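The values are calculated or read from the model by the stated rules, or taken from the named source; none is laboratory data. Every value quoted in this text rests on a predicted model; they were computed, and no experiment measured them. We place every Cβ from the backbone using ideal geometry, glycine too, and count neighbours over all the protein chains shown. Keep in mind that these areas ignore ligands, DNA and RNA; they rest on the heavy atoms of the full protein, side chains included. Shrake-Rupley method; radii C 1.70, N 1.55, O 1.52, S 1.80 Å.
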Amino acid sequence: MKKDIKCNPSSGQADFCIQNEIEKEKISAKEDQEDKIGKYWKKIILTIFGFLLALLGNYFIPQKAAVEIAVYRIGGLHFDINDNYRIVLLALMICFLLDGIISGKNEKNRKHYAHMAAFRFVLGIVLLIWDIGGTKLQIFTQPFFPGPAQILGAFLEEGPFIFQNTLYSLRLYAVGFFIGTTVGIGTGILIGWFPTVYYWVHPVLHMTGIIPAVAWMPFALTLFPTPFSAAVFLIVICVWFPVASLTAMGIKSTPKQLFEAARILGGGNSYLVFHVAVPHALPEIFSGFGTSNAFAFTTLVMAEMMGQPGGLGYYINLSQVWSAYYKVFAAILVMAILFSFITVLLHAVELRALRWQRGLLK
Amino acid sequence: MSENSGFLQLSHICRTYQDDENEIEALQNINLEVFRGEFVSLIGASGCGKTTTLRLIAGLDKPQAGHIYLEGSEITGTDPKRGFVFQQGALFDWLTVEDNIAAGLKARHIYRRNKEKVQQFINMTGLTGFEKAFPHQISGGMAQRVAIARGLINAPEILLLDEPMGALDSFTRAALQDKLRELQKISRTTMILVTHDVDEAIYLSDRIVIMTPRPGRISEIITVKIPKPRQRGGVEFLELRRELLEKFELASAKPQPEYVI
Ligand SMILES: Nc1ncnc2c1ncn2[C@@H]1O[C@H](COP(=O)(O)OP(=O)(O)OP(=O)(O)O)[C@@H](O)[C@H]1O
Ligand SMILES: [Mg+2]
């Protein structure tokens, strides 16, 4: 709110100054409000405008380079890759418009939306340039940098196949991450709680932990019955190390007084472990999840690129063989969306589980 | 065992700690009897072994010599019969106020049968409305009330309090003292309180145990005969206060020091 309301002493209204100030402040607050709303609308328009330019560019700029604009039949309708691209742009614009309207209701969200406006505008412009450079005029080196319409065309061409491979990756990730974190927390508790286990296992954990999981690939591929289980094994290994060592750290750092308090309250060993040490270690456990999550993505893709019958990594390999780089980009796009979704989900779970900690960290 | 022969008995307790080079005699030949339902304060200079005494009674530590008996049976380890309130509360940060208070019941697997006790203690300690708050969301005074409620919910025969009000401002402290007195009146729990505050000791105690450091010993035990509830500004109160402060040779140095440390 603006506070720079001044009374003009020469206007002879000095007596009413205070009253006026209050009223003026009310008016100015109202103006401020209107001003803010006006500015916010500009941010929404700015956000959408970049994508609108990309859309118009795609529509009006003529196709100069010799690119085959493939046409697909979907449900009786004919789509070419440009139609598809424009639908995606339109969908993006609608999403951002709705996001803008919904975010407008809440101060924090509004600020965030306004903050992101410039970036999103430039994103639209980048799409426009990319479209021109990659498809329309093809100034970029081909076939390595196809335009956005061509990349999205991959989904028209073999959407179900991409979906199938995405599911394969997701399944691999879920199984590997679940087993890895479970085993990791289990060993972490043992290491953190029993000094003997710490003595014998911790050095081993440290030595094996720094080796990138994919180094075990040759063993995994020969020792495990199926490629899937071999890849699961690799993900389990790479998740296990950070989760186990951070869990152990969290448990070891539990203040002695908390254990004493729990004992006095009548808690036995299992209460001390599962109701004192483990909850105390939760922040570390989640930090282990965060680290191993990133490792798991890397291991997952590497494993898929080195001998899996499916998955996004496999799809990249396959596409590369045919020099279909637009498909490589399509797979990368799916990965970006999938992995950020998983990361956001994990973060949401963490915020919920550690809500007792908020404010303590500051 | 009759009401009057030591409910809690400490006989010839010695406890030394081995430092890097020298031995510290934290406690040297401590003899003390505490009666059922009594409120006893331990008071004395820093390092005179007050915390050590409480920890021994709680069973968190063992004496090198001597024995501690509660109702005739020797104390060998911790027991929910002997509650403990730590100086900093030692609350479980990840549990709500309600769950912290219920912790003792849950740890002993008797929560289901005693659910209503939790709300009862929340109300008794004036924490109504903060059931779902986490420790980081409440004030220091409230946190200590949670710690006291958590200690009392197990219905201990004796509650040991190690400077539970040490970190609080004087208003909160006075309010909490009233609360503690009230709680003791209701529950008739025997309480042993470690404090640095002479006023607090006089206000709450039936007897005040004065300890001296190096080596830690009991120098005197004073019976407070002023009828309860006591007036903080009462004549007898101030008289006893002056007497106590003189014993610490501080009364003459400063006319009215707040606390003796
Ligand atoms: N675990 C320990 N290891 C070594 N020395 C200890 C230990 N616990 C206590 N001491 C020593 O024993 C003596 C008595 O300690 P204690 O904590 O009982 O004193 P206190 O009366 O509670 O003091 P304060 O008022 O400062 O809390 C001190 O000199 C202390 O340094
Ligand atoms: Mg102490």
Task: Test: residue A:152 is at pLDDT below 95, under 30 Å from residue A:303 (Cα atoms) and surrounded by 15 or more Cβ atoms within 10 Å (Cβ to Cβ) - done: yes
Task: Residue check, residue A:288 open to solvent by less than 40 Å² (accessible area, probe 1.4 Å), on the phi > 0 side of the Ramachandran plot and either within 14 Å of chain B (Cβ to nearest Cβ) or assigned to a helix (DSSP H, G or I) (or both) - done: no
Task: residue B:64 vs. criteria within 13 Å of ligand 2 (Cβ to nearest atom) and modelled with pLDDT under 95 - done: no
- [ ] Name the residue, out of B:202, B:226, B:186, B:222, that is away from ligand 1 (no atom under 16 Å from the Cβ), loosely packed, with under 15 Cβ neighbours inside 10 Å and among the hydrophobic types (A, V, I, L, M, F, W, C).
- [x] B:186
- [ ] Mind telling me which of the residues A:55, A:89, A:77 ends up being open to solvent by 70 Å² or more (accessible area, probe 1.4 Å), out of contact with any strand residue (DSSP E or B) (no Cβ under 7 Å at 6 or more places or on another chain) and free of Cβ contacts under 8 Å to residues at least 40 places away in the same chain?
- [x] A:77
Open item on the list: Residues that are closer than 30 Å to residue B:12 by Cβ and away from ligand 1 (no atom under 16 Å from the Cβ): does the stretch B:83-98 have at least one?
Closed with: yes
TODO: Tell me which residues, restricted to the stretch A:156-172, are buried (at least 19 other Cβ atoms within 10 Å of the Cβ) and under 18 Å from the mean Cα position of the chain (by Cα).
DONE: A:166, A:169
- [ ] Scan (1) closer than 30 Å to residue B:152 by Cβ; (2) at pLDDT 95 or above; (3) out of contact with any Gly (no Cβ under 6 Å at 6 or more places or on another chain) for the single condition residue A:357 breaks and write down its number.
- [x] (2)
TODO: Starting from residues that are open to solvent by less than 40 Å² (accessible area, probe 1.4 Å) and part of a strand (DSSP E or B), keep the ones in the stretch B:70-98 and report whichever is farthest from the other protein chains (Cβ to nearest Cβ).
DONE: B:70
TODO: Within the stretch B:13-29, identify whether any single residue is of a type outside the set (A, V, I, L, M), in contact (Cβ under 8 Å) with a residue 24 or more places away in the chain and within 16 Å of residue B:160 (Cβ to Cβ), and answer yes or no.
DONE: yes
Task: Some residue of the stretch B:99-109 being among the hydrophobic types (A, V, I, L, M, F, W, C), open to solvent by 20 Å² or more (accessible area, probe 1.4 Å), within 14 Å of another protein chain (Cβ to nearest Cβ) and within 30 Å of residue A:356 (Cβ to Cβ) - done: no
Task: Unmet requirement for residue B:173, which otherwise passes all of (1) more than 16 Å from ligand 2 (Cβ to nearest atom); (2) over 20 Å from residue B:44 (Cβ atoms); (3) part of a helix (DSSP H, G or I) - done: (2)
Open item on the list: I need the full set of residues from the stretch A:144-186 which are among the small types (Gly, Ala, Ser) and under 25 Å from residue A:343 (Cα atoms), in order please.
Closed with: A:159, A:169, A:174, A:176, A:180, A:184, A:186
Open item on the list: Please count how many residues of the stretch A:116-152 are in contact with a Lys or Arg (Cβ under 9 Å, 6 or more places away or on another chain) and of a type outside the set (A, V, I, L, M, F, W, C).
Closed with: 3
Task: Candidates B:166, B:216, B:151, B:141, filtered to the one that is open to solvent by less than 10 Å² (accessible area, probe 1.4 Å) and within 16 Å of ligand 2 (Cβ to nearest atom) - done: B:216
TODO: Please work out if residue A:274 is surrounded by fewer than 20 Cβ atoms within 10 Å (Cβ to Cβ) and at pLDDT below 95.
DONE: no
TODO: Check off (1) more than 14 Å from every other protein chain (Cβ to nearest Cβ); (2) within 30 Å of residue A:267 (Cβ to Cβ) for residue B:169 and give me the number that stays unchecked.
DONE: (2)
Open item on the list: Being buried (at least 20 other Cβ atoms within 10 Å of the Cβ) and more than 14 Å from chain B (Cβ to nearest Cβ) narrows it down to one residue among A:311, A:266; which is it?
Closed with: A:311
TODO: Considering only the stretch B:7-62, state which residues are buried (at least 22 other Cβ atoms within 10 Å of the Cβ) and among the aromatic types (Phe, Trp, Tyr).
DONE: B:39
TODO: Take residue A:230 and decide whether it is closer than 18 Å to residue A:173 by Cα, of a type in the set (Gly, Ala, Ser) and more than 14 Å from chain B (Cβ to nearest Cβ).
DONE: yes
TODO: Output yes when any residue across the stretch B:125-138 is open to solvent by 10 Å² or more (accessible area, probe 1.4 Å), under 28 Å from residue A:268 (Cα atoms), part of a helix (DSSP H, G or I) and within 14 Å of chain A (Cβ to nearest Cβ), and no when none is.
DONE: yes
Task: Residue match in the stretch A:198-206 (condition: aromatic (Phe, Trp, Tyr), closer than 27 Å to residue A:342 by Cβ and in a helix (DSSP H, G or I)) - done: no
Open item on the list: Return the residues of the stretch B:31-69 that are in contact (Cβ under 8 Å) with a residue 40 or more places away in the chain, in a strand (DSSP E or B), away from ligand 1 (no atom under 11 Å from the Cβ) and out of contact with any Lys or Arg (no Cβ under 7 Å at 6 or more places or on another chain); say none if nothing qualifies.
Closed with: B:31, B:32, B:34, B:39, B:41, B:65, B:66, B:67, B:68, B:69
